[in-house]
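**Student:** Here it is: the structure, laid out below.
The values are calculated or read from the model by the stated rules, or taken from the named source; none is laboratory data. Worth saying up front: this structure is predicted, and the values here are computed from it rather than measured. In case anyone asks, the SASA skips ligands and DNA or RNA and just uses the protein heavy atoms, side chains included. Shrake-Rupley method; radii C 1.70, N 1.55, O 1.52, S 1.80 Å.
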Amino acid sequence: MIPVTDEQAMELAMDQARTGGATGEIPIGAVILDGQGAVVARAHNRRESLVDPTAHAEVLALREAASALGRWRLDDCTMVVTLEPCPMCAGAIVMARVRRLVFGAWNEEYGAAGSRWDLVRDRRLNHRSEVIGGVRADECGAMVTEFMLTQRVAPEER
């Protein structure tokens, strides 16, 4: 098995984001790599389709990875996500003990991995993740911006 690089994993996460966007979900995708760099989980936002406010790509990927690996501690894993995680997802990443977090676009409104807040590296918590932000940021950010402009504006404003 050849390990997946951060760039390759981001492409997989972007594929997930595109899949979600095509179904009316905000286009955010995530993948989780195990300690050897193999993909163990893939997910995209599914809040609309599952009618679940917690069905963010990161949370769904964490659930899938824990199930695939048979453990909730993902302390040898890397999460790769197209948008900086929100506070809920950042908290879940900390609780799962994810070793590394790689994300694409910064989320100035809700970001909790360095922009608005920095929960994943907060010294008051019992775990801190290594954070690498800005991987293919322009492409990842453009997906969300385009979606919001075309899908989430009132019809009379289009």
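**Student:** With every protein chain kept in place and ligands, DNA and RNA left out, what is the accessible area per residue of the chain? Probe 1.4 Å, answer in Å².
**Tutor:** Values: 7910 Å² over 158 residues.
Roughly 50 Å² per residue, with all protein chains present.
**Student:** Of the listed values (1) 89; (2) 115; (3) 104, identify the label whose number matches volume of the Cα convex hull per residue in Å³ calculated from this model.
**Tutor:** Checked against the structure: label (3).
**Student:** 5 Å is the cut-off here: which amide hydrogens, built 1.01 Å from N in the peptide plane, fall below it relative to Asp76, excluding neighbours closer than 5 in sequence?
**Tutor:** Here Arg99 satisfy the definition.
**Student:** A further question on this structure: So what's the back-of-envelope 222 nm ellipticity for the chain, counting only DSSP H runs of four-plus at -39500 (n - 2.57) apiece and dividing by all residues, rounded to 500?
**Tutor:** Helix contribution divided over all residues of the chain: -11500 deg cm²/dmol.
**Student:** Once neighbouring chains are kept in place and the probe is 1.4 Å, which whole percent of the accessible area of the chain is contributed by carbon and sulfur?
**Tutor:** C and S atoms contribute 52 percent here.
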